[in-house]
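J.: Quick one: the structure is below, and I'll ask about it shortly.
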Amino acid sequence: MKLEVITYPDKRLKQVSAEVTRFDAQLHEFLDAMYATMLHANGIGLAAIQVANPINALIINLPDENDEQSRANLLEIINPEIIASSGHQLYQEGCLSVPGFYEDIERFETVTLSYCNRYGESCQLQADGLLSVAIQHEMDHLLGKLFIEKLSYARRKKFEKEYKKAQKAKKVS
Ligand code: QAP
Ligand code: CO
């Protein structure tokens, strides 16, 4: 099943997500629907709140060396916590909830994460590069934060203007 991705400035994106306590068939169906939704939208990462479900769950599926997204590489991350971080990197980010806009954002270079998989089993993961960026971007969604909130005042203003213009153009077309 596919779900609707909600987009900025939908206020629901500002909600703080709640801990997942039941790792049951309903959660598994929801995670499967998130995956179908993300692939359909050509995304590499999606947080549950982006489909209007405020729970601490996110998925990431980076393309492999052949530029193909395979389910074997799907990460399902539930109730994540960053337990260590180091360094800094700049990466050009985008977001399915802010379509058509991309900007360089500073993140930690490396993060160490503890989380649960879909069965409620405790996992740990150390990530750098793109995976580290994706984790930090998606975890911000769980706190109701979007990457555009990290822009400087001037860039944010420019974004608001461009985004509104693009929204208007979408409506008439
Ligand atoms: C988050 O982002 C992310 O504007 C996932 O028109 C960001 O999947 C992970 C997308 C940076 C790693 C690095 C955005 C698709 C997809 C758009 C996405 C669009 C179509 C964004
Ligand atoms: Co996003």
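J.: With respect to the numbered conditions (1) within 25 Å of ILE6 (Cα to Cα); (2) away from ligand 2 (no atom under 14 Å from the Cβ); (3) touching a Gly at 6+ places or on another chain (Cβ under 9 Å); (4) not charged (D, E, K, R), which one is the sole condition not fulfilled by SER152?
T.: Among (1) within 25 Å of ILE6 (Cα to Cα); (2) away from ligand 2 (no atom under 14 Å from the Cβ); (3) touching a Gly at 6+ places or on another chain (Cβ under 9 Å); (4) not charged (D, E, K, R), the lone unmet condition for SER152 is (3).
J.: Further, regarding this structure: Would you mind finding the one in LYS170, LYS164, LYS150 that is within 16 Å of ligand 1 (Cβ to nearest atom) and under 30 Å from ASP32 (Cβ atoms)?
T.: Checking each option against the conditions leaves just LYS170.
J.: Still on this structure, I have one more. Please determine whether any residue of segment 65-82 is within 13 Å of ligand 2 (Cβ to nearest atom) and either under 17 Å from the mean Cα position of the chain (by Cα) or modelled with pLDDT under 95 (or both). First the steps, then the outcome.
T.: Looking only at segment 65-82, we keep the residues that are within 13 Å of ligand 2 (Cβ to nearest atom), and these are none.
So far as segment 65-82 goes, no, none of its residues is within 13 Å of ligand 2 (Cβ to nearest atom) and either under 17 Å from the mean Cα position of the chain (by Cα) or modelled with pLDDT under 95 (or both).
J.: Evaluate the following for SER114: is it small (Gly, Ala, Ser), at pLDDT 95 or above, closer than 26 Å to GLU29 by Cα and not in a strand (DSSP E or B)?
T.: The answer is no for SER114.
J.: If you check TYR35 against the conditions, is it aromatic (Phe, Trp, Tyr) and under 14 Å from ILE77 (Cα atoms)?
T.: yes
J.: Considering only residues that are within 16 Å of the chain's Cα centre (by Cα) and not in a helix (DSSP H, G or I), look in segment 129-156 and name the one that is surrounded by the fewest Cβ atoms within 10 Å (Cβ to Cβ). Break it down stepwise before answering.
T.: Going residue by residue through segment 129-156, those that are within 16 Å of the chain's Cα centre (by Cα) are 129-150.
Retained after the next criterion (residues that are not in a helix (DSSP H, G or I)): 143-146.
Values: LEU143: 13, GLY144: 16, LYS145: 15, LEU146: 19.
The extreme case among them is LEU143.
J.: Looking at ASN56, ASN61, which one is away from ligand 1 (no atom under 14 Å from the Cβ), touching a residue at least 24 places away in the same chain (Cβ under 8 Å) and under 15 Å from the mean Cα position of the chain (by Cα)? Reasoning before the result, please.
T.: Values: ASN61 fails: away from ligand 1 (no atom under 14 Å from the Cβ).
Among ASN56, ASN61, only ASN56 is away from ligand 1 (no atom under 14 Å from the Cβ), touching a residue at least 24 places away in the same chain (Cβ under 8 Å) and under 15 Å from the mean Cα position of the chain (by Cα).
J.: Tally the residues that are under 22 Å from LEU74 (Cα atoms), surrounded by fewer than 19 Cβ atoms within 10 Å (Cβ to Cβ) and either without any contact (Cβ under 8 Å) to a residue 12 or more places away in the chain or out of contact with any strand residue (DSSP E or B) (no Cβ under 6 Å at 6 or more places or on another chain) (or both), restricting the search to segment 93-119.
T.: 2
J.: A further question on this structure: Considering only segment 70-97, how many residues are in a loop (DSSP other than H, G, I, E, B) and over 17 Å from ALA47 (Cβ atoms)?
T.: Let us first name the residues in segment 70-97 that are in a loop (DSSP other than H, G, I, E, B), namely 70, 74, 87-88, 94-97.
The next check asks that each one be over 17 Å from ALA47 (Cβ atoms); those that pass are 70, 87-88.
Summing the residues that are in a loop (DSSP other than H, G, I, E, B) and over 17 Å from ALA47 (Cβ atoms) in segment 70-97 gives 3.
J.: Please determine whether any residue of segment 15-28 is on the phi < 0 side of the Ramachandran plot, in a loop (DSSP other than H, G, I, E, B), within 16 Å of ligand 2 (Cβ to nearest atom) and out of contact with any His (no Cβ under 8 Å at 6 or more places or on another chain).
T.: Yes.
J.: A further question follows. Give just the number: which of (1) within 21 Å of ASN61 (Cβ to Cβ); (2) out of contact with any Asp or Glu (no Cβ under 9 Å at 6 or more places or on another chain); (3) part of a helix (DSSP H, G or I) does CYS123 not satisfy?
T.: Unmet for CYS123, out of (1) within 21 Å of ASN61 (Cβ to Cβ); (2) out of contact with any Asp or Glu (no Cβ under 9 Å at 6 or more places or on another chain); (3) part of a helix (DSSP H, G or I): (3).
J.: Taking segment 40-53 on its own, how many of its residues are among the polar types (S, T, N, Q) and under 12 Å from the mean Cα position of the chain (by Cα)?
T.: Within segment 40-53, residues that are among the polar types (S, T, N, Q) and under 12 Å from the mean Cα position of the chain (by Cα) number 1.
The values are calculated or read from the model by the stated rules, or taken from the named source; none is laboratory data. Note that the structure is a prediction, hence the values are computed from the model and not measured. Glycine also receives a Cβ, built like all others from the backbone with ideal geometry; neighbour counts cover every protein chain displayed.
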